[in-house]
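For reference, the structure discussed in these notes is given below.
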Amino acid sequence: MRVKALHQLYSSEEIALRVAELAGRINHCYRDGQLVMICVLKGAFMFFSDLLKLINVGPEIDFVRVASYGHGDTSSGTVSLLKDVETDLAGRHVLLVEDVVDTGATMDFLLARMRAAGAKTLRLAALVDKVERRRTDLTVDFPGFSLSEGFIVGYGLDYAERYRELPAIYTIEFEDA
Ligand code: PRP
């Protein structure tokens, strides 16, 4: 579908405030533990980077890459692993960092893998908790914004691999088909 316009939803200032709030909660939660923060590529890279700069509990970091969407705005419903973590997660306190939780399929898949890898605790931080299409009962432990509908881009999020570089988050208005 062709993009007609982008409409700002969350400004970079609003995002920075929310990220700082989440960092405060995460620092408190993990004040005694050794934390491994895992960035879910590609979309979470900007959120992860900004969040990480505010974490003061000396975390290790790692990256995982999965794909659940094709080049469009609908989920294929299947999740494939494109890059696994390199850290041994057995006995570790693991925090998955996502940009968006939508249907929950990606998180179900990753949480099951991390559980199987022996993580001692497993929590989820997501900048945007999109509840409308949720198909599972997973809990986002550290949610940034809650959104009921709309396709969003910017701050790492893409539409057909575009708009990831934008510092704010926008909804897309599509041209009529
Ligand atoms: C998006 C997003 C989440 C997932 C959420 O990733 O970053 O990982 O979809 O959808 P779900 O809850 O319905 O599974 P995408 O597959 O677009 O890859 P990207 O992060 O590389 O853009």
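The values are calculated or read from the model by the stated rules, or taken from the named source; none is laboratory data. In this text the structure is predicted, and so the values were computed from the model without any measurement. For neighbour counting, all protein chains shown are included, and Cβ atoms are generated from backbone atoms with ideal geometry for every residue, glycine included. Keep in mind that these areas ignore ligands, DNA and RNA; they rest on the heavy atoms of the full protein, side chains included. Shrake-Rupley method; radii C 1.70, N 1.55, O 1.52, S 1.80 Å.
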Residues in the stretch 137-177 that are over 16 Å from the mean Cα position of the chain (by Cα) and under 24 Å from Leu89 (Cβ atoms) total 1
Of the numbered conditions (1) open to solvent by 30 Å² or more (accessible area, probe 1.4 Å); (2) over 22 Å from Tyr10 (Cα atoms), Asp158 fails exactly one; give the number of that condition. (2)
Does at least one position in the stretch 59-68 carry a residue that is within 16 Å of the ligand (Cβ to nearest atom), open to solvent by 20 Å² or more (accessible area, probe 1.4 Å), modelled with pLDDT of 95 or more and of a type outside the set (A, V, I, L, M, F, W, C)? yes
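In the stretch 85-106, is there at least one residue being among the polar types (S, T, N, Q), within 13 Å of the ligand (Cβ to nearest atom) and open to solvent by less than 30 Å² (accessible area, probe 1.4 Å)? So that I can check it myself, show each step before the final result.
Of all residues in the stretch 85-106, those among the polar types (S, T, N, Q) come to 87, 103, 106.
Now narrow it down to the ones that are within 13 Å of the ligand (Cβ to nearest atom): 103, 106.
When the remaining residues are screened for being open to solvent by less than 30 Å² (accessible area, probe 1.4 Å), the result is 103, 106.
Within the stretch 85-106 (the criterion being among the polar types (S, T, N, Q), within 13 Å of the ligand (Cβ to nearest atom) and open to solvent by less than 30 Å² (accessible area, probe 1.4 Å)), the answer is yes, since at least one residue qualifies.
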Under 6 Å between Cβ atoms, which residue pairs at least 6 apart in sequence (or on different chains) link something in the stretch 23-50 that is on the phi < 0 side of the Ramachandran plot and away from the ligand (no atom under 11 Å from the Cβ) with a partner that is open to solvent by 20 Å² or more (accessible area, probe 1.4 Å) and of a type in the set (S, T, N, Q)? Asn27/Asn56; Val36/Thr87
The correct count of residues that are in contact (Cβ under 8 Å) with a residue 40 or more places away in the chain and within 13 Å of the ligand (Cβ to nearest atom) in the stretch 111-128 is 3
Only one of (1) closer than 24 Å to Ala168 by Cα; (2) open to solvent by less than 50 Å² (accessible area, probe 1.4 Å); (3) among the hydrophobic types (A, V, I, L, M, F, W, C); (4) within 11 Å of the ligand (Cβ to nearest atom) is not met by Val131, so which one is it? (2)
Run down Arg25, Arg31, Arg113 and say which single residue is open to solvent by 20 Å² or more (accessible area, probe 1.4 Å) and under 29 Å from Leu166 (Cβ atoms). Arg25
Taking the stretch 141-158 and keeping only residues that are within 13 Å of the ligand (Cβ to nearest atom) and modelled with pLDDT under 95, one is left with Leu147, Phe151
